[in-house]
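Here the structure comes first, spelled out in structure tokens, and everything after it is commentary.
We did not get these values from a lab; they are worked out from the coordinates using the rules stated. All values reported here derive from a predicted model rather than from experimental measurement. A quick note on method: Cβ atoms are made from the backbone with ideal geometry, for glycine too, and the neighbour counts reach across all protein chains shown.
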Amino acid sequence: MVELGDHCHTFVIPRLQKVIAGEDKGDVTGVVGWQGGGGYRYFKLAPSLLETDRWGREVISKAYNAEMLAEALCKIEGFTYAPSDAVYWQQGHSTEHDFIYVTTQSFGVERLQQLSEEVGTERSLLLLCSAFRGHTDRWPNLTVKKIPSHIRSRCEWGHDDYSLNVGNLPQAPARTEPREPSTAKNIAGQPDLFGLGLGGIDEQRLDDYVVSGLVDFDDVAYDEHADLLYDLSEQVVTHLQGYLSLEGTRKVLRLQKKDIARFVHAQMQKHFWQDLAVEYEVVVTRGFTALRPSAYTALVGEQPIDFKTSPSDKSNMSKYLFGGFARCLYALQKFQSDAERKLAVILERESLKWFKPAKGQFQIFYKWGSDHPEYQPDFVAETDDRIFMLEPKAANQMTDEEVLAKREAAERWCIQASDHARGYGGKPWTYVLIPHDAIAENMTLDGLATLYAAHAGP
């Protein structure tokens with residue numbers, strides 16, 4: 001039974017409830033003497049996953065958020081959408097041992113290796129991500145797929161009206177061998193307007209050669225950037241047609257598509273801006289993760305140094321292994337500088353517990369160019385009224401662009417963690433970026449936070 005409008009709520013459901021309760025005596029229920037019982041299922045049809053853009057291409061509807069997208073991709077891949085509260089990468093399953101993880105993050109070799117280890121040898125995982133690097137055959141328990149650019153989460157591109165510098169635009173070498181016309185079709189059965197990035201498909205429109213190359217980049221989403229992409233592509237085509245015939249232009253665009261796309265993308269990045277006013281909803285589904293194991297290399301028979309003792313040779317602090325902690329969650333620690341050791345002295349004196357997080361503990365990712373590498377803070381410490389995320393940094397690096405990008409990502413993380421903690425009466429989070437030369441053993445943690453906190457939770 002399918003109903004449009006409000007009839008389902010105003011008529012169908014009340015009638016069914018009466019039938020089940022044995023209170024409906026009209027029509028067929030009265031004729032057959034129905035005494036009640038039974039049941040029904042009520043489903044609400046979701047909005048369409050796809051919509052058509054101004055160029056006639058089907059794209060993911062803007063009404064879908066990350067969770068809805070994950071649910072839709074689970075259905076497409078044949079998985080049951082059932083996100084786990086305990087394991088972040090278990091967003092759905094097809095069997096009790098086979099899982100799916102949908103994310104708009106990028107994965108390098110280290111992250112794939114880490115994920116493979118977490119999945120283990122008795123389970124398998126289908127990973128759908130925005131981009132990945134490495135030969136996935138190395139991880140037999142992982143199947144890795146890239147979410148198409150026009151499907152994955154949108155990013156914000158802006159540009160002032162500018163003209164491409166086309167003076168060094170790549171040109172194709174002469175080629176004389178005959179070519180067969182493309183017969184590629186899209187999912188609607190129409191000639192495919194977008195190539196596969198191989199430089200071998202004849203597009204119907206010249207500017208589609210450039211656009212189809214640009215959407216292969218991880219930081220370009222067709223549905224958000226279409227106006228910009230076609231504007232830049234038209235500039236390329238106009239430049240080439242200034243000195244080439246129609247067939248010559250098509251030949252250059254077809255054979256040099258990748259090089260031209262890289263050329264245009266490089267200039268796009270110079271004119272990139274991020275709209276800081278755009279807000280993204282982050283949903284925190286769990287309040288903690290298990291403490292990750294932390295491994296260190298040390299010489300055979302090497303004894304740890306008491307952390308309260310400053311080594312005579314501070315030029316290579318990372319070679320020393322420190323112990324003697326009472327409030328650290330790990331028995332042993334290594335420090336990259338004496339400033340880190342001094343901060344550990346302060347934390348041992350003033351915190352309830354603290355630790356240096358292992359890689360992957362917090363999964364904070366920051367934007368650096370077109371990549372999203374992971375940021376791991378140096379220290380995390382809990383006090384009576386809050387939790388601190390602490391980052392000692394060389395004083396001459398405090399304003400480096402990458403340091404500031406990490407701080408921004410950590411600050412956002414602390415805001416979301418504080419909001420989540422507020423829901424159950426937990427402690428707020430505060431991120432503190434500290435110049436190394438400001439740390440002294442006689443300082444207080446609150447004093448450092450007052451001077452250098454980037455974000456203090458309520």
Would you work out which of 432, 381, 420 lies farthest towards the positive end of the dipole of the stretch 377-453, given +1 charges on the beta-carbon of Lys and Arg and -1 on that of Asp and Glu, about the Cα centre? 420
Could you check the simple spin-label distance between residue 35 and residue 247, using points 7 Å along Cα→Cβ, in nm with one decimal? 8.7 nm
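Please give the contour-minus-distance gain from residue 97 to residue 11: 0.36 nm per residue of separation, less the Cα-Cα distance, rounded to one decimal in nm. List each step's numbers first, then the result.
On the way: separation 86, 0.36 × 86 = 30.96 nm, distance 4.37 nm.
Length gained, residue 97 through residue 11: 26.6 nm.
Using packing as a proxy for protection, rank 232-243, 308-319 so that the peptide with the highest average count of other Cβ atoms within 10 Å comes first. All intermediate terms of the calculation are to be shown ahead of the outcome.
Working: 232-243: 17.6, 308-319: 11.3.
Per-residue Cβ counts within 10 Å, averaged per peptide and sorted highest first, yield 232-243, 308-319.
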Modelling each spin label as a point 7 Å along the Cα-to-Cβ direction, I'd like the residue 262/residue 422 distance in nm, to one decimal. 4.8 nm
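Suppose every Lys and Arg Cβ carries +1 and every Asp and Glu Cβ carries -1, with no other charges. What dipole size does the stretch 312-434 come out with about its Cα centre, to the nearest 20 debye? Before the final figure, lay out each step's value.
Values: 18 positive and 18 negative charges, 71 e Å.
Value, rounded to 20: 340 debye.
Tell me, in nm to one decimal, what length is gained between residue 352 and residue 440 on full extension, where the rule is 0.36 nm per residue of separation less the Cα-Cα distance?
My answer for the length gained is 29.7 nm.
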Show me the ranking of peptides 326-337, 248-259, 135-146 by mean Cβ neighbours inside 10 Å, starting with the highest. 248-259, 326-337, 135-146
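Return the FRET efficiency for the residue pair residue 202, residue 404: r is the Cβ-Cβ distance, R0 is 60 Å, and the value is rounded to the nearest 0.05. It would help to have the intermediate numbers written out before the result.
On the way: r = 46 Å, r/R0 = 0.77.
Once rounded, the FRET efficiency stands at 0.85.
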If the label point sits 7 Å along Cα→Cβ of residue 87, residues of the stretch 350-369 with amide N under 20 Å come out as 360-363
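Pulled fully out, how much extra length does the chain show between residue 330 and residue 239, if you take 0.36 nm times their separation in residues and subtract their Cα-Cα distance?
On the way: separation 91, 0.36 × 91 = 32.76 nm, distance 6.22 nm.
Net length gain for the segment: 26.5 nm.
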Computed about the Cα centre, the charge dipole of the stretch 70-140 from +1 Lys/Arg and -1 Asp/Glu charges at the Cβ has a magnitude in debye, to the nearest 20, of 260 debye
Mind giving me the nanometre distance, one decimal, between the label points for residue 109 and residue 25, set 7 Å out from Cα along Cα→Cβ? 8.0 nm
